Each structure stands twice: as C-alpha cells, then as structure tokens.
Amino acid sequence: MSSIVAIVGRPNVGKSTLFNRLTESRAAIVDEESGVTRDRHYGKAIWNGVEFSVIDTGGYITNSDDVYKEEINRQVLIAIEESDLIIFLVDVISGITDLDESVTNLLRRTNKEVVLVVNKVDNNDRRLDATEFYNLGLGDYFAISSTNGSGTGEMLDEVVKRLPEKKEDELEQIPRYAIVGRPNVGKSTLINSLLGEDRNIVTPIAGTTRDSIYTRYNKYQHNFFLVDTAGLRKRGKVHEDVEFYSVLRSIRAIENSDVCLLLLDATRGIESQDLNIMSLIIKNNKGLVMLVNKWDLAEKESNTPKKLEAEIKKRTAPFTDYPILFISAINKQRIHKVLETANDVYSNRTMKIPTSSLNDYMLQVIENNQPPATKGKYIRIKYVTQLPTHSPSFAFFCNLPQYIKESYSRYLENRLRERFNFTGVPIRIFFRKK
C-alpha cells in the first residue's frame, strides 16, 4: 500500500496550491477520465519512482476565529494519526503566528516524520525572512514557492527519503473486496446480508460507519476479506473530524483492496460524488463492480435496468467495460451474484497473458491499423509484453514512443478488451523505446 502524506497548516498558507502541484506530477501517467472531477482533497503523487497519496487538510477548517484553534488542532490530530509523514506549511509573508505555534505544539508530541516547509519564498529578501522559522524549534526547513514550483524538488527529495518502506500486509493473501459508496447507500446492510449476521451497526443515519473493518468471508466456496468503509461524501458536507477520518479510511480501503464494489442508490441514479469515488478506484487500478442498490424502491418500467445502465455508462465513459448489477441489499436480492461477479473481476485483474499469444494477436492488430505518422516519421511497434504488476499493464516497444497519440492507445486497449476478458479492470498501456 502507498504511504500517506498530509499537508497541514493554518488557512491561507498555500496548502491547496502545493497539493495541486504535487498531485499534477501524476498527470503524465494517469489520464483524468473525462467527466470525472478529481477529488480536491486526495491525490496521488510520484517522485523519483516513489508513489504516495497526498491529503490536503485545508478545506476542512471552518471559517470563524473562535473555532480556528480547536478545529485546526482536531484536523491535525487526525492527519497525524492516519498519515506516515506530515508537511507542515507556513507562510514567510506573515511570519510565525499563534496558530503556527499551536500546530507546532501538536506536532512536537507526535512520533511522525515532520517536514517544515516555508511557502511564498520567491525572492532573496524573503529567503532571509524565512530564517525566522528556526524559532519554531522543528529544525531545518525547506523554502519554496508553491505557485511557481521553486524549491519543491529538494523538498520532495526529503519527503520520499523519509517515507517508511512499504511493508507487506500481515493479512493472508486472499482476495480483498472493498464496499464503497456515498453515505447511506446501504454498505453495512449489504455486508450484513452477505454475512447473515449483524456484523455492523446498521442505522438509517448517514455516516454511522466510522471505520474500515476487515471481515473474513469463507462459505459457499468463497474465501476472501470484505472491507466495509465509511461513506465518502462531498467536501462541503464533511463537517466533523470523524467524517474527515472516515474519508481517509475509505481511501486506504480502496488502496488496500483488489476489487471495489461501488454502491449507487437506485432512487437517485449516478451522481457526481459516485463519479469521484469511481475516479479513485480507477486511479488506483482496482477492479470495479457497480451495484445499483435499493432496486426494490426504484420506479420500474419494462426497460428501466437497460435505460439506467446506458445512462451510467454514458457518465463514466471512456471506461465502460465493467459489470453493473441491480440489487436490494435489504431483501438479499441478487446478492450471491455480487460475490460471483467480484470473483470474476478478481480473476480478470490477476490474469497473465503468455507473451507469444499477446504478440501473435496484437502485432496483427497493429499491422491492420498502423499508428498515424507524425511529422513525416513512421512509428513501428515491434513487440508487446505484459508487465509484472498487480493490475494489467502492457508495454509496447517502438521506435518513437513520444509520437503515439492518446486515441491510438485507446484503440489498442479496446482491441485487448475484445480478445481477452478484462471486464471490470482498468488497463494501463506504456510505450517504450525498443
């Protein structure tokens, strides 16, 4: 699982700008799906080959002076508890404030790694002013400008150097299925129906599940871990610290799973927050099964499932190759089908295609439709191999990888999907110099 880095600090020091800069480093590798807005407070960053998650605690602080101290303390405490390293961001223009000192006091009592970063240092005078921050007693600092990016490279070198080495999970190596979705779509009810017992407290209040809980499921020839997660909800609705904590746990649950069962509410259709969650699943290259829950309450006409399925796939394009099931968790309608489908997607995600079969098929596909020439140069793809990654990734070796367009990459992905069963699984395609 990847490490979590939290950016903390008082309001208006530039946390969101830094967050955007760090997570943009990911853009070259993961395409933003069209129609999918990136969740503002969670992103992936990669530096020197090390991938980590970034959490921006900024937007969770209410905007009134009385609550500032108490609120920022609570947010920082949660960030401290959940993250592996903390970037403490301060502002050279305003110098050390009371709020900076209260955050410092909290950080001193933790055993987490803290990197002190002084922002808005974009000229020599300010570089001199930054020395004031030695008075916080947190040791050396990094002077940066998150707006123009100066100094961020050295800061990131330090961050990745101090991240803990990834440990293999102690949990037995069997499939892990995370049940995710907005609050109140029926996640705990689904787990209870699957397990046939009240494993979780189920109440109709949104946000009852505060934690991610692993549950072993071993019956009817199925053997896996179920991960129940607290509901993810829109940024504006996350008021209390436990909610913020839940969002972090849900992100961890997605990262620690193999297949995500994404629950939608049949009475509401697919909403922007569902697309956000789906975006997280795809960014993390996890398997996906879409479950339309509360089907017993939906208004039905003869073609409703087909119509709703078409609407969902239209909203999630270009990724549309995943199963959709219409269920009722409370009535146990089609819930055994859920497990079968999750198992199928898990098999698709772990499938390894022999290199000879891959080349026999894909080189013919390429022969039938060559990549378009660019600047009078012809692109020749000579060889294809599946990479030894947890999720399906393919390397296409060619003479001019930099000239291959996104549309051609999608063409190759579609041909792979036609021939091999990758339903429910994101595919990554890389072009490398031969």
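The values are calculated or read from the model by the stated rules, or taken from the named source; none is laboratory data. Please read these numbers as outputs of a predicted model, since none were measured by experiment. Using ideal geometry, Cβ is built from the backbone for each residue, glycine included, and neighbour counts are taken over all protein chains shown. Keep in mind that these areas ignore ligands, DNA and RNA; they rest on the heavy atoms of the full protein, side chains included. Shrake-Rupley method; radii C 1.70, N 1.55, O 1.52, S 1.80 Å.
Here is a yes/no grid of residues against (1) open to solvent by less than 10 Å² (accessible area, probe 1.4 Å); (2) at pLDDT below 75:
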residue	(1), (2)
Val227	yes, yes
Ala230	yes, yes
Arg233	no, yes
Leu263	yes, no
Ser272	no, no
Asp296	no, no
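Filter region 349-369 down to residues that are under 32 Å from the mean Cα position of the chain (by Cα) and β-branched (Val, Ile, Thr) and give me whichever is least open to solvent (accessible area, probe 1.4 Å). Ranking the qualifying residues of region 349-369, first place goes to Ile353. Against the numbered list (1) within 24 Å of Ile87 (Cβ to Cβ); (2) touching a residue at least 40 places away in the same chain (Cβ under 8 Å); (3) part of a loop (DSSP other than H, G, I, E, B), Asn148 comes up short only at (2). Scan region 109-117 and give yes if some residue there is within 28 Å of Ile254 (Cα to Cα), part of a loop (DSSP other than H, G, I, E, B) and open to solvent by 70 Å² or more (accessible area, probe 1.4 Å), otherwise no. The answer is yes; a qualifying residue exists.
Here is a list: Glu70, Glu82. Which entry is at pLDDT below 90 and over 16 Å from Ser3 (Cα atoms)? If you could, list the steps in order and put the result at the bottom.
Working: Glu82 fails: over 16 Å from Ser3 (Cα atoms).
Of the residues listed, the single one that is at pLDDT below 90 and over 16 Å from Ser3 (Cα atoms) is Glu70.
Looking only at region 81-128, count every residue that is β-branched (Val, Ile, Thr) and in contact (Cβ under 8 Å) with a residue 40 or more places away in the chain and tell me the total.
So the first thing to find is which residues in region 81-128 are β-branched (Val, Ile, Thr), and the list is 86-87, 90, 92-93, 96-97, 103-104, 110, 114-115, 117-118, 121.
Going one step further and asking which of them are in contact (Cβ under 8 Å) with a residue 40 or more places away in the chain, we end up with 86-87, 90, 92, 96-97, 103, 115, 117.
Residues in region 81-128 being β-branched (Val, Ile, Thr) and in contact (Cβ under 8 Å) with a residue 40 or more places away in the chain: 9 in total.
Restricting the search to region 370-379, which residues are exposed (fewer than 13 other Cβ atoms within 10 Å of the Cβ) and part of a loop (DSSP other than H, G, I, E, B)?
Initially, region 370-379 is screened for residues exposed (fewer than 13 other Cβ atoms within 10 Å of the Cβ), giving 370, 372-373, 375-378.
If the condition is that a residue be exposed (fewer than 13 other Cβ atoms within 10 Å of the Cβ) and part of a loop (DSSP other than H, G, I, E, B), then Gln370, Pro372, Ala373, Lys375, Gly376, Tyr378 are the ones that fit.
Hey, does region 415-430 have a residue that's out of contact with any Leu (no Cβ under 7 Å at 6 or more places or on another chain), more than 30 Å from Leu325 (Cα to Cα) and in a strand (DSSP E or B)? Yes, there is a match, as at least one residue in region 415-430 is out of contact with any Leu (no Cβ under 7 Å at 6 or more places or on another chain), more than 30 Å from Leu325 (Cα to Cα) and in a strand (DSSP E or B). On the given criteria, is Lys314 over 29 Å from Ser407 (Cβ atoms) and either open to solvent by 10 Å² or more (accessible area, probe 1.4 Å) or not small (Gly, Ala, Ser) (or both)? For Lys314, the condition - over 29 Å from Ser407 (Cβ atoms) and either open to solvent by 10 Å² or more (accessible area, probe 1.4 Å) or not small (Gly, Ala, Ser) (or both) - is not met.
Could we say that Tyr141 is of a type in the set (Phe, Trp, Tyr) and either farther than 30 Å from Glu255 by Cα or exposed (fewer than 12 other Cβ atoms within 10 Å of the Cβ) (or both) here? Quick ask: steps written out before the conclusion?
Values: of a type in the set (Phe, Trp, Tyr): yes; either farther than 30 Å from Glu255 by Cα or exposed (fewer than 12 other Cβ atoms within 10 Å of the Cβ) (or both): yes.
Spelling it out, Tyr141 is indeed of a type in the set (Phe, Trp, Tyr) and either farther than 30 Å from Glu255 by Cα or exposed (fewer than 12 other Cβ atoms within 10 Å of the Cβ) (or both).
Evaluation of Leu288 against the conditions (1) touching a strand residue (DSSP E or B) at 6+ places or on another chain (Cβ under 7 Å); (2) crowded, with 20+ Cβ neighbours inside 10 Å; (3) not in a strand (DSSP E or B) shows that the sole unmet condition is (3). Total residues in region 382-406 satisfying the condition of being open to solvent by less than 20 Å² (accessible area, probe 1.4 Å) and part of a strand (DSSP E or B): the figure is 6.
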